Protein chains: 2
Amino acid sequence: MERVAIIGASMTQFGQREDEWITDLLAEAGLDCLADADVDAADVEHLYVSNMASGEFEGQTGVMNALAHDLDAIPAYTQRIDQTSSSGGAGIYAAWQSVASGASDMTMLVGGEKMTHRTTGEATDVIASLTHPVEYTTGVTLPSFAGLTARHYLERFDAPRESLGKVAVKNHKNGVDNPKAQFRKEVDLETVLESPIVADPLRLYDFCPITDGSAALMLCPEDVARKYTDDYVVISGIDGATDTHVVHEREDPTVMGGVVESGRGAYEMSGYGPDDIDVAELHDMFTILEFLQMEGLGFAEQGEAWKLVEEGYTERDTGELPINTSGGLKSKGHPLGASGVAQGVEIYEQLVGEAGPRQVDADVGLCCNVGGFGNCVITTIMEAAA
Amino acid sequence: MERVAIIGASMTQFGQREDEWITDLLAEAGLDCLADADVDAADVEHLYVSNMASGEFEGQTGVMNALAHDLDAIPAYTQRIDQTSSSGGAGIYAAWQSVASGASDMTMLVGGEKMTHRTTGEATDVIASLTHPVEYTTGVTLPSFAGLTARHYLERFDAPRESLGKVAVKNHKNGVDNPKAQFRKEVDLETVLESPIVADPLRLYDFCPITDGSAALMLCPEDVARKYTDDYVVISGIDGATDTHVVHEREDPTVMGGVVESGRGAYEMSGYGPDDIDVAELHDMFTILEFLQMEGLGFAEQGEAWKLVEEGYTERDTGELPINTSGGLKSKGHPLGASGVAQGVEIYEQLVGEAGPRQVDADVGLCCNVGGFGNCVITTIMEAAA
């Protein structure tokens, strides 16, 4: 079986896109991806859309069919993929399956979400509806899970509060060099640590923003990829896994089972291990999540990720394993359905050498996209075609 | 590559399920499917949910992760698939891809929707949001497209109004023998023709109802299937395709391009043609759609499906090609995400000889699931393992 390749990528400006609707954002990323991959819309066989909640946010459904219309890609087969905040990673997995199964020789995945026209409260409420009712109906939201977990982590592993803040500082610094990022400004540790409390001990700068945006990837079998370009990327490993849907049922709140299981599957499929990863995009919806993913994926022992951050191990220009070179969800923004796709865009650009001022030396990269509070996670490992 | 097999199927009672929420309905079908296939939940690797709008109908998202919890299937990978009214067919295609790609050796697909707690107007409004805004904002809904198309068809092909009514009469008659159907009562032609006008010339009995319900299928590679049972079904061909998202842009309103294209793809993949099909489930959301699918799939020449219906060609016990032996969406009901899966359940039961009083003599069956007003269509061809 041919391996599955990625031959093009795009993302729109992330941020507050006042004049665009979800269909506009999807079309913008889709058109840019067609151009980047040099693929005609007529050659797209499957057109997949990662989007959590266009119906809830905008009262508009059928956005995948609207996209086929807008790109002039009809009669391409379309499908919308929802895996809550990991819809983008689920889209990569679905697109991989569509190519690997032989169903399609050219699949474009476009992820997107339009959120900023709703208040933060409204958006948080839509997102919270993904949790189990036994938790949701008590008023628990994802940020509150993050606060509870952060407190436990800091106390149990004797980690300084500053270490979490340093994740935000690092990712904001990286985001300055990403022209598509929502926030392109450095923040210092003091600013993070003195920002308003959201879910104690976490403060405003420990959280990603509400964002509009879209991102896209073009996937095809490797033999087809070679006809288009020499500079492509191969998906070496990919897997997804659920953890308990009721978060409080987890035996250890610092272990995200979905991260561990999906990472294990992706490593096994790729033949690579944690030490082989040169660059990673992790789902830093909350700063504490970057620690939990580093540990779940084997980049650090349990309770020790904070030390690596303190040591600068994950810095872009000087660290051994740069994490969130794109700026992460923290500075780039988190348009739900787009985020996992945009992680893939960053790793693709790093591996083909198109990351500009963010470029690091990397042959193998990894993305980890977290749905809910780890309720479902998708891990993808990519490598340069060489 | 191993072919993809179906080794188990289930559906809940369709109708008004006052005491159940979407998660209850999905869990009911899921548990029944596990039992029918004799598969342990722990052996399910991918768990896919077809559902259009749990967020819009119930304010509940993440239903695929809730299902993994309810079935005790964690850490199975989960994903929600939306293709509007053809979400169920899209789910069959996604589940097929998950197995055919080698990603999963056991994929359970559960489709479901909970709708009857909303008024017909509210439900119609959610469904209408799948159409292109240039049509939606003028007040056009799917039933109005059906009325316009029916008028055109009847006039252009000199077809009697009664022929449409006979589709409803046939499908209601079949539904009497389906214990899971929403309506188990025969209707006579006079009742159909004198029922209240909804979208002239179509009347109440030309339309499917608003329904709660769920259905499930268990898919795996054929070599795995053989370890479980000798009585399984193979997916011989499957394909999906879009037509113009703006319905009024179609050159011929009586030709559904998505039906034609997806049918062509499924026939080509299977090696079968229209004459090889022994039984079919078509998407009779509106009676006129049964004609358009019969013609698009090559069961009748353009403008002549009505003659076959008049001749009794599609009758269950006496016709050459029984259509909608389950009762169809018309009498069985149409819980959006469940309907395409339930079509697969009926064909599966027909092919393994478990259709009871509805049983026909069939080796090869076909399902056609229509999203929107043909905006995206999935056609699946199955055969008995034999």
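Any read-out appearing in this document is the output of simple, stated calculations on the displayed coordinates, not a laboratory observation. If you're wondering where the values come from, they're calculated on a predicted model, not measured in any experiment. For neighbour counting, all protein chains shown are included, and Cβ atoms are generated from backbone atoms with ideal geometry for every residue, glycine included.
Ratio of alpha-carbon Rg to the 2.2 N^0.38 Å globular estimate for region A:306-386, to two decimals, please.
Taking the Cα Rg and dividing by 2.2 N^0.38 Å, one obtains 1.11.
Would you mind checking the radius of gyration and Dmax of the protein assembly as shown based on alpha-carbon positions, in Å?
Final numbers for Rg and Dmax: 25.4, 82 Å.
Give me the Å³ per residue figure for the convex hull around the C-alpha atoms of region B:70-166.
194
Quick one: angle between helix A:161-175 and the longest Cα principal axis of chain A, in degrees between 0 and 90, rounded to 10, please.
It works out to around 30 degrees.
Tell me the Kirkwood radius of region A:18-89: reciprocal of the mean inverse pair distance over distinct alpha-carbon atoms, in Å. The partial results should precede the final answer.
Details: mean 1/r = 0.0796 Å⁻¹.
Computed over region A:18-89, the radius equals 12.6 Å.
I want the antiparallel fraction of DSSP beta bridges within chain A, as a percent rounded to 5.
Around 70 percent antiparallel, to the nearest 5.
If N is the number of residues in region B:1-142, what value comes out of its Cα radius of gyration divided by 2.2 N^0.38 Å?
Values: Rg = 16.1 Å, N = 142, 2.2 N^0.38 = 14.5 Å.
Cα-based Rg divided by the globular estimate yields 1.11.
Starting from the Cα of residue A:125, step 7 Å toward the Cβ, then list every residue of region B:57-96 with an amide N under 18 Å from that point.
B:57-62, by backbone N distance to the label point.
Given springs between every Cα pair under 10 Å in a Gaussian network model of chain B, which of B:214, B:331, B:144 has the largest fluctuation?
For chain B, modelled as a Gaussian network with Cα springs under 10 Å, the answer is B:144.
Dimensions of region A:1-51 along principal axes (Cα, Å, largest first)?
Principal extents (largest minus smallest coordinate, Cα): 44, 20, 19 Å.
For region A:137-207, just the Cα atoms, rotate onto the principal axes and tell me the three extents in Å, largest first.
Largest first, region A:137-207 extends 39, 32, 18 Å along its Cα principal axes.
If one computes P(r) from the Cα atoms of region B:216-343, what percent of pairs lie at distances over 17 Å? Kindly include the intermediate steps, with their values, before the conclusion.
Details: 5285 of 8128 pairs.
For region B:216-343, the fraction of Cα-Cα distances above 17 Å is 65 percent.
Let a ≥ b ≥ c be the square roots of the eigenvalues of the Cα gyration tensor of region A:84-124; is it rounded (a/c under 1.5), or, if not, prolate (a/b larger than b/c) or oblate?
prolate
Quote the convex hull volume per residue of region B:155-302, based on C-alpha atoms, as a whole number of Å³. Present the calculation step by step, with values, prior to reporting the outcome.
Values: hull volume 23.9 nm³, N = 148.
Convex hull volume per residue, Cα atoms: 162 Å³.
With r as the distance between the Cβ atoms of residue B:310 and residue B:191 and R0 = 25 Å, compute the FRET efficiency 1/(1 + (r/R0)^6) and round to 0.05. Walk me through the intermediate numbers first.
Working: r = 18 Å, r/R0 = 0.74.
Computed FRET efficiency for residue B:191 and residue B:310: 0.85.
Roughly how many nanometres apart are two label points built 7 Å out from the Cα toward the Cβ at residue B:18 and residue A:162?
6.4
Quickly work out the residue A:302-to-residue A:359 label distance, labels modelled 7 Å from Cα along the C-beta direction, and quote it in nm with one decimal.
Placing both labels 7 Å along Cα→Cβ, they lie 4.2 nm apart.
Can you pull the one-decimal nm distance between simple spin-label points at residue B:117 and residue B:255, each 7 Å off the Cα toward Cβ?
Distance between label points: 4.5 nm.
Could you work out the Rg to Rh ratio of region B:164-243, with Rh taken as the Kirkwood radius (inverse of the mean 1/r over all Cα pairs)?
Across region B:164-243, the Cα-based Rg/Rh ratio is 1.15.
Of all GluC sites (Glu not before Pro) in region A:136-203, which ones are in loop regions per DSSP and have a Cβ with at most 15 other Cβ atoms within 10 Å?
A:186, A:194
Pop out the Kirkwood hydrodynamic radius of chain A from its pairwise C-alpha distances, inverse of mean 1/r, in Å to one decimal.
Computed over chain A, the radius equals 20.2 Å.
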